[in-house]
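Colleague: Before I ask anything, here is the structure I am working with.
What follows draws every value from the coordinates through simple rules; no lab data is involved. All of these numbers come straight from a predicted model, not from anything done at the bench. All Cβ positions, even for glycine, are placed from backbone atoms using ideal geometry, and neighbour counts span all protein chains on display.
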Amino acid sequence: MKGAGAALRHDSALKHTTGEARFLDDTAEAAGTLHAALVLSPIAHGRLLALEDAAARAMPGVVAVLGARDVPGQNDIAVNEPLFADGLVEFAGQPLAVVVATTRDDALRAAAAIRAEITPREPVLSIERALELGQNVVAPQVMTRGDAARAIAAAPRRMEAEFRAGGQEHFYLEGQVALATPGEDGEMLVLSSTQHPSEVQHVVAKVLGGACHRVTVTCRRMGGGFGGKESNASWVAAVAALAASATGRPVKLRLTRRADMLATGKRHPFLYRWTAGFDAQGRVLGLEALLAADGGWSVDMSPGVVFRAVTHALNCCDVADVTITGCAVKTNTVSHTAFRGFGGPQGALLMEDVVHRVAAACGLPPEEVRARNFLGAPGKGEETPYGQKVEGDLIARVWAEARQDSDWDRRRGEIAAFNATHPTLRRGLGSMVLAFGISFGVMHLNQAGALVHVYADGSIRLNHGGTEMGQGLFVKVAQVVCDVFGTDLDRIAITATSTAEVPNTAPTAASTGSDLNGWAAHNAAETIKGRMAEVAATRFGIPVEQVIFADNKVWAERIGGNVVLEFSELAKLCFLERVSLSSTGFYRTPDIHWDRATMRGNPFFYFSYGAAVSEVIVDTLTGEHRCLRTDIVQDCGRSLNPAIDRGQIEGAFVQGMGWLTCEELWWDTQGRLRTVGPSTYKIPGSRDVPPIFNVRLLEGAPARSETIFRSKAVGEPPVLLAISVANALKDAIGVETLDLPATPERLLMALARREG
Ligand code: MTE
Ligand code: HPA
Ligand code: MOS
């Protein structure tokens, strides 16, 4: 099988491994191309008085130094989000100016020679302090059902708690980069490593003071995005375009890893405070919680992240009477942004903390307590507090299967026996179950477009609004088009995303890339196929319904195998008959709505489900730990490509594990990020992948909503499964809660506290 459902390799897999895949920085540079380097604020908060740049301007190769005053359009990349600090400095790492020079080294040297004169102000650096001051970038969003306070007061038992989770650096292998080439009449061609070409286009036009029709943005592929190139790519491209416009020459801006880590947003850190009422069986009867995200200095995408955290705070569980308040406070820190899961993983941590603490209080296993609170469990509802129906049977099913795959009961006994005899090592078993809503929380983003051409020789060119960041979107969408035309994959040219081919697109995000662009490409291909079928029907002298496209051929049903045209012959015939072989396609997700005022609605087209069991081992003398085995069952509906989906599940899990166990962002007391490279910021490596890693797609579970070929999104949900590792660590050291990431240091502190 070649079309939808085939386990084909990534279209660029071989090129990735041989190094032949071209990333933006591999693009041949036109003669006269200049290079840019950023000047970043060394101080977290203050008044920018002046930039001493005379020395830098005189340095070799320097062509220009540009700042807020040199922006011809608006010095604003969103709403009140200056491209370059203008007067007020809001975080250490904020762009103050850009140096343009003939080489990148010249630009970097000159940028380092620029001194900023800043009158410092007292920065706000913690969520607690910002909460005290009541300063938000996102006003509280309150999701409420029933009467939580009354339910808690009436419950047999009550508990109050607080915990926190850290942020995460995207650490895409290819850093932020853009190449802007000025043309005539104010045209600007921007090559950008971006998940959101349309936003890059919009921001470049705004900063240059022009309109979108003069700006073309393209992206063939990214070396990873993970949410970090959803909004942040825009300002990087705008700086390159500004420099290109000012100098009249092509300008490339490729951030150093250090500048990238200092100046671009990360996953939001969260502080949680909750009160729950429960019974002796561990059923949670009422819950009140505050989820306070650190938004950083500007709004960016924090409203969407808070929305997703709030709507995922109960995750796969149901609590009848509940009030969840989410907010994003304003601090003098880099503006936190989209990161795989987009607040969903942070939301889900809440219910896991509740489940584990309640379980400990009741003397019950946390798995038992979680299952008793499942959506659809006896006495529990099947509707989220915001009013959307969830498939409880699939929640129960993925958990039952993961439990069985992992041989849970036998290994529980084995681990207990090990821990009883070993003097210093402790093993632990933990689990996670997830229900993740698929669709953009911002309703208008749930749309996509495609452009398909069939050439007269029968070859097909596919273009759509989605971007490729390694997740395999391009091959999946190509498989959809193969399926429609009944052709092989090698007939289809996969092409770079471009605002000139498909306009007004959504970012490739919220795991919706293949859902949205798959349908759009399907619709474009169906339009062309319909026209081709008419031509074939006339040729064969049969009704159009009897024309079949398969095996690179076009067949006439019931006439037998002898009336057949090659797909290419039919394409040629269409051309000769003057029938159009090109079409756009469009798709908008049906049946979704959200009322922001009441925080109710049906915001998700469907839910994705999954479950995991992980085993860890901890050295109680050093706090060091590793994950020994993980078993995953993940719902992908009827997978478009099981090979790609498996890779996504593995990658998301390990990335999530990094967030929860070893990746720690560390700011000093002045608000300067000190973890600015791999030497101080530890991402998981190949040796951190669980040596036993059983990943399985849930079988026989086509999506119940009308998704493309009944497939389901997979990019983000499995991040949540990594919470099984954090839960296993709690189990290993005998605690019911942990602040995250659970670094060796934190585990040692938790052990010390437990031993009093
Ligand atoms: N996989 C790879 N290899 N690289 C990435 O940058 N980003 C993730 C996920 N998987 C990412 C990835 C994120 S944050 C999202 S939202 C989805 O891919 C986006 O792509 P999709 O919608 O096509 O799944
Ligand atoms: N995920 C990622 N990006 C987004 C979302 C989302 O849910 N909503 C708006 N932008
Ligand atoms: Mo993904 S965080 O939605 O780019």
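Colleague: Please work out the C-alpha center-to-center distance from the range 376-455 to the range 653-718 and express it in whole Å.
Modeller: 14 Å
Colleague: For residue 580 and residue 411, FRET efficiency with R0 = 51 Å and r from the beta-carbon atoms, rounded to 0.05? Please list the in-between numbers first.
Modeller: Working: r = 61 Å, r/R0 = 1.20.
Efficiency computed from Cβ-Cβ geometry: 0.25.
Colleague: Taking a cut-off of 12 Å between Cα atoms, list the aspartates and glutamates near residue 389, but don't count ones fewer than 8 places away on the same chain.
Modeller: Here the aspartates and glutamates satisfying the reach criterion relative to residue 389 are 318.
Colleague: Something else now. Where the only charges are on Cβ atoms (+1 Lys, Arg; -1 Asp, Glu), what is the dipole of the chain about its Cα centre, to the nearest 20 debye? Could you put the intermediate results ahead of the total?
Modeller: Details: 75 positive and 84 negative charges, 67 e Å.
So the magnitude is around 320 debye.
Colleague: While we're looking at this one, here's another question. Would you mind calculating the gained length between residue 591 and residue 382 on full extension (0.36 nm times residue separation, minus the Cα-Cα distance), in nm to one decimal? Walk me through the numbers before you get to the answer.
Modeller: On the way: separation 209, 0.36 × 209 = 75.24 nm, distance 1.87 nm.
Stretched fully, the residue 591-residue 382 segment lengthens by 73.4 nm.
Colleague: In addition: Sort all Cα-Cα distances of the range 447-588 into consecutive 10 angstrom bins from zero, then give the percent of pairs in each bin up to the one containing the longest distance.
Modeller: Computed distribution, short to long bins: 13, 43, 29, 13, 2.
Colleague: Hey, can you list the DSSP H helices of the chain whose Cα span along the axis is 24 Å or longer and whose average Kyte-Doolittle score is at least 0.0?
Modeller: Values: long enough: 344-362 (27 Å, 0.59); 513-540 (38 Å, -0.29); 642-661 (28 Å, 0.10).
Both cut-offs are met by 344-362, 642-661.
Colleague: In addition: Once label points are set 7 Å from the Cα along Cα→Cβ at both residue 211 and residue 142, what is their separation, rounded to one decimal in nm?
Modeller: Those two pseudo-labels are separated by 4.5 nm.
Colleague: Let me ask another. If I model a spin label at residue 153 and residue 538 as a point 7 Å from the Cα along the Cα→Cβ vector, what separation in nanometres do I get?
Modeller: Once both label points are built, they end up 7.8 nm from each other.
Colleague: Okay, moving on. Which of rounded, prolate or oblate describes the chain when judged by the alpha-carbon gyration tensor and an a/c cut-off of 1.5?
Modeller: Values: a/c = 1.84, a/b = 1.11, b/c = 1.66.
Verdict is oblate for the chain.
Colleague: Starting from the Cα of residue 102, step 7 Å toward the Cβ, then list every residue of the range 57-82 with an amide N under 15 Å from that point.
Modeller: 58-64
Colleague: Using r as the Cβ-Cβ distance of residue 496 and residue 88, and R0 as 41 Å, what FRET efficiency do you calculate, to the nearest 0.05? It would help to have the intermediate numbers written out before the result.
Modeller: On the way: r = 38 Å, r/R0 = 0.93.
My answer for the efficiency is 0.60.
Colleague: How charged is the neighbourhood of residue 384? Take every other residue with its Cβ under 13 Å from the Cβ of residue 384, and add Lys/Arg as +1 and Asp/Glu as -1. Before the final figure, lay out each step's value.
Modeller: Details: positive: 145, 308, 380, 389, 600; negative: 318, 382, 383, 391.
Surrounding charge for residue 384 is +1.
Colleague: When only Cα pairs under 8 Å and 6 or more residues apart are kept, what is the percent relative contact order across the chain? Write down the numbers at each step before the final one.
Modeller: Values: 1914 pairs, mean separation 116.4, N = 756.
Rounded, it is 15 percent for the chain.
Colleague: Given R₀ = 45 Å, what would the calculated FRET efficiency be for residue 749 paired with residue 444, taking r from the Cβ atoms and rounding to 0.05? Walk me through the numbers before you get to the answer.
Modeller: Working: r = 46 Å, r/R0 = 1.02.
Rounded to the nearest 0.05, the efficiency is 0.50.
Colleague: So how far apart, in nm, are the two label points at residue 16 and residue 679 if each is 7 Å from Cα heading toward Cβ?
Modeller: Simple spin-label model gives 3.0 nm for this pair.
Colleague: Here's a follow-up. Greater than 21 Å separation of Cα atoms is the criterion. Which listed pairs, 15/553; 15/682; 206/229, meet it?
Modeller: Pairs exceeding the cut-off: 15/553; 15/682.
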